[in-house]
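In what follows, a single structure is set out as structure tokens and then discussed.
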Amino acid sequence: MMIQSLSIIFGFLALGDVVSYGLALPIPGNVIGMMLLTVALCRGWVDVKKIKPAADLLVQNMAFFFVPPGVGLLLYLDLLSREWVPLLVAYVVSTLVVLVVVGWVTQKTERQ
């Protein structure tokens, strides 16, 4: 069951890469693949029960996926220490923009 579950998820990831590369889109293939998987789940083309074992495993071990980028940041500590103010401003501004946009979209969709 786990092999089938992982095959479906990785199949959609591969399909997303093919679409991204084939259409020369500026969107990463993994994002397109997960959007395609979401559509397939919403439409009932893929049964949630078929991907649940792999999805549960990946979510339970999600912290492991953040270790390599975190370790990679250590290579740039000198740059981060010099540029912390612009990084902090970018972080705060982008967070506020996301909050405003999500609030606006939520209000628009609730009115319909």
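Where a number appears in this text, it was derived from the coordinates with a stated rule and is not lab data. For clarity, every value in this text was computed on a predicted model and none was experimentally measured. For neighbour counting, all protein chains shown are included, and Cβ atoms are generated from backbone atoms with ideal geometry for every residue, glycine included.
Name every residue in region 1-13 that is loosely packed, with under 13 Cβ neighbours inside 10 Å and either among the basic types (Lys, Arg) or free of Cβ contacts under 8 Å to residues at least 24 places away in the same chain (or both), in order of residue number.
3, 10
Could you check how many residues of region 72-112 are of a type in the set (Phe, Trp, Tyr) and within 23 Å of the chain's Cα centre (by Cα)?
Qualifying residue count for the region: 2.
Listed here are the residues, each with its yes/no results for (1) in a helix (DSSP H, G or I); (2) more than 30 Å from residue 1 (Cα to Cα); (3) touching a Pro at 6+ places or on another chain (Cβ under 6 Å); (4) of a type in the set (S, T, N, Q).
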| residue | (1), (2), (3), (4) |
| --- | --- |
| 52 | yes, no, no, no |
| 55 | yes, no, no, no |
| 58 | yes, no, no, no |
| 70 | yes, yes, no, no |
| 75 | yes, yes, no, no |
| 86 | yes, yes, no, no |
| 107 | yes, yes, no, yes |
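Would it be correct to say that residue 94 is exposed (fewer than 11 other Cβ atoms within 10 Å of the Cβ), of a type in the set (Gly, Ala, Ser) and either out of contact with any Lys or Arg (no Cβ under 8 Å at 6 or more places or on another chain) or assigned to a helix (DSSP H, G or I) (or both)?
Answer is yes for this residue.
What's the number of the condition residue 38 fails, among (1) surrounded by 10 or more Cβ atoms within 10 Å (Cβ to Cβ); (2) of a type outside the set (Lys, Arg); (3) more than 19 Å from the chain's Cα centre (by Cα)?
Going through (1) surrounded by 10 or more Cβ atoms within 10 Å (Cβ to Cβ); (2) of a type outside the set (Lys, Arg); (3) more than 19 Å from the chain's Cα centre (by Cα) one by one, residue 38 breaks only (3).
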